[in-house]
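The values are calculated or read from the model by the stated rules, or taken from the named source; none is laboratory data. Not measured: the values here are computed from a predicted model. FYI the Cβ positions are ideal-geometry reconstructions off the backbone, even for glycines, and counts take in every protein chain you see. Side chains included, ligands, DNA and RNA excluded: accessible areas come from the protein's heavy atoms. Shrake-Rupley method; radii C 1.70, N 1.55, O 1.52, S 1.80 Å.
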Amino acid sequence: MWDAYVEQALEQLGLLQLLRSLRPITPSLEKLNPVDDEAPIEAKEDGEFKVFDEMQPWDRASVEVEIAESTVQKWLLDIPSSGDEIVTKGGAIKSLVEHPHQFKKLILFSGNDYLGLSSHPTIGRAAAKAALEYRMGPRGSALICGYTFHHRLLESCLAKLKKKEDCLLCPTGFAANMALMVAIGNIGSLLTERKASSEDQKIAIFSDSLNHASIIDGIRLAERQRNVELFIYRHCDMAHLNALLSSCTRTKKVVVTDSLFSMDGDFAPMRELAKLRKKHGFLLVIDDAHGTFVCGKNGGGVAEMFNCERDVDICVGTLSKAAGCFGGFIACSKMWKLLIQSRGRSFIFSTAAPIPLIAAGHAAVLVAKREMWRRREIWNRVQDFRDLTGIPIQSPIISLIVGSEGKALEASRHLLKSGFHVTAIRPPTVPANSCRLRVTLSATHTTEDVKKLTSALLQCIRFQDIAINGSNGHARL
């Protein structure tokens, strides 16, 4: 019976064009294989961590990938796939070197590995060393037995980076936002138990209309506690936010926003938010997932870049993007940490990350801070794209809105044929008729890569018509 229900649901998703496919890619192994235990002469040792002054051959593995020709054909024909068509031999993926006719090499322009750290040997060795010494470590939730000295070391490192008193590691950035929002809702519930009037204890949350899904879902859960009132302000519209704050009679106010918006590539108006915070006295929460390690002199993120770190009360971040690793965190005060680890369900009821992942994350934080050339190079690529296209992009996230789903898919397929991995972003990730190509730049892309990409884009998009960062026009294909 349930198989029939699922089949009908899938049919409906098909009619709505909401079925999505998995398309496996393979890292560029020939770039990684030459790396051995001996660091190159150019490497500088800092304790156990080796850092480099410029791009190395293995860095290209973070943006060069391979995809099976059978997968390519399904992609070009927009045929749904579970990924089972990938070519294997004896349980191992065949390499491009062994079977060049069965794989297509692509330059990746759709990932979130902004600094190219996923292929850094220091980070890989940190994970391997920890795995050999500790295996996966004790398995359990952080509050039971999963929290180790390695977790604490990484938390301290991230707190220092974010200039906060403390930090709480979470399984993912999604889980971090969920835990934080639920904990905020719990404040209202806990205070209600001590007061006669529950209305006085309600918390007003003001959320940007384009905030990440994890923030939205976290607020929805918080609302179920009936002690949260939600206000959504127009995207980055500080006049609208000010009006909502001014008319709100709640004394407990929270403003939450992405710092760098993942689908539009624009920044939250941090300085204006800081001014409003002083005026209205709200708690300012930012999700700095896409700004951490990328922005600011030391990689402290968007708040560091706009010199307003002290105005941000709580900063959510991730190790899954520019750090090239995995996991989320919440940088905050010690009191907030204690509250979140006591009431944040997505933290409490999740198994803590294994030690090798934590060791890799710690190495990534140190490498990202010290290899400053990576931040310099990614912003050079941003300038390259501006110069080549005339589009005034603000960040390494480039949102090329083309309108319909068909147009976005057509452009993505054209880029695939041209040797670039850029997926079409469609509903429900973005609203209907705002489908787009989400191009992301990396420190390990070269100027030549960007030139070739823009040349391919010019064959399917008119840059002068492009809609970017919230403008109303649409690119013509």
Pairs with Cβ under 7 Å, 6+ apart, first in region 449-467 and under 15 Å from ASP387 (Cβ atoms) and modelled with pLDDT of 95 or more, second part of a helix (DSSP H, G or I) and among the acidic types (Asp, Glu): VAL450/ASP384
Among GLU377, GLU405, which is among the acidic types (Asp, Glu), more than 18 Å from the chain's Cα centre (by Cα) and modelled with pLDDT of 90 or more? GLU377
Within region 239-267, the residues that are under 26 Å from THR318 (Cβ atoms) and hydrophobic (A, V, I, L, M, F, W, C) are LEU241, VAL254, VAL255, VAL256, LEU260, PHE261, MET263, PHE267
For region 110-166: of the residues being out of contact with any Ser or Thr (no Cβ under 9 Å at 6 or more places or on another chain) and not in a helix (DSSP H, G or I), which is surrounded by the most Cβ atoms within 10 Å (Cβ to Cβ)? THR148
Residue list for region 382-419, filter: touching a strand residue (DSSP E or B) at 6+ places or on another chain (Cβ under 7 Å) and hydroxyl-bearing (Ser, Thr, Tyr): SER395, SER399, SER404, SER412
Residue check, ALA222 against (1) modelled with pLDDT of 95 or more; (2) open to solvent by less than 30 Å² (accessible area, probe 1.4 Å); (3) under 23 Å from LEU168 (Cα atoms), all met but one. Which one? (1)
Conditions first: (1) out of contact with any Gly (no Cβ under 8 Å at 6 or more places or on another chain); (2) open to solvent by 60 Å² or more (accessible area, probe 1.4 Å); (3) outside any helix (DSSP H, G or I); (4) not hydroxyl-bearing (Ser, Thr, Tyr). GLN394 passes all but one, so which condition is the exception? (1)
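Is it true that ALA130 is farther than 27 Å from THR440 by Cβ and modelled with pLDDT of 95 or more?
The answer is yes for ALA130.
Hey, among LYS94, LYS50, LYS44, which residue is touching a helix residue (DSSP H, G or I) at 6+ places or on another chain (Cβ under 7 Å), of a type in the set (Lys, Arg) and modelled with pLDDT under 80? Full working, then the answer.
On the way: LYS50 fails: modelled with pLDDT under 80; LYS44 fails: touching a helix residue (DSSP H, G or I) at 6+ places or on another chain (Cβ under 7 Å).
Result: LYS94 is the single residue among LYS94, LYS50, LYS44 that is touching a helix residue (DSSP H, G or I) at 6+ places or on another chain (Cβ under 7 Å), of a type in the set (Lys, Arg) and modelled with pLDDT under 80.
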Single unsatisfied condition, THR192 versus (1) at pLDDT 95 or above; (2) at negative phi; (3) open to solvent by 20 Å² or more (accessible area, probe 1.4 Å): (1)
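Here are ALA408, ALA443: which of them is in a loop (DSSP other than H, G, I, E, B), touching a Leu at 6+ places or on another chain (Cβ under 7 Å) and either closer than 25 Å to ALA68 by Cα or in contact (Cβ under 8 Å) with a residue 60 or more places away in the chain (or both)? Spell out the reasoning first.
Numbers: ALA408 fails: in a loop (DSSP other than H, G, I, E, B).
None of the others qualify; the one that does is ALA443.
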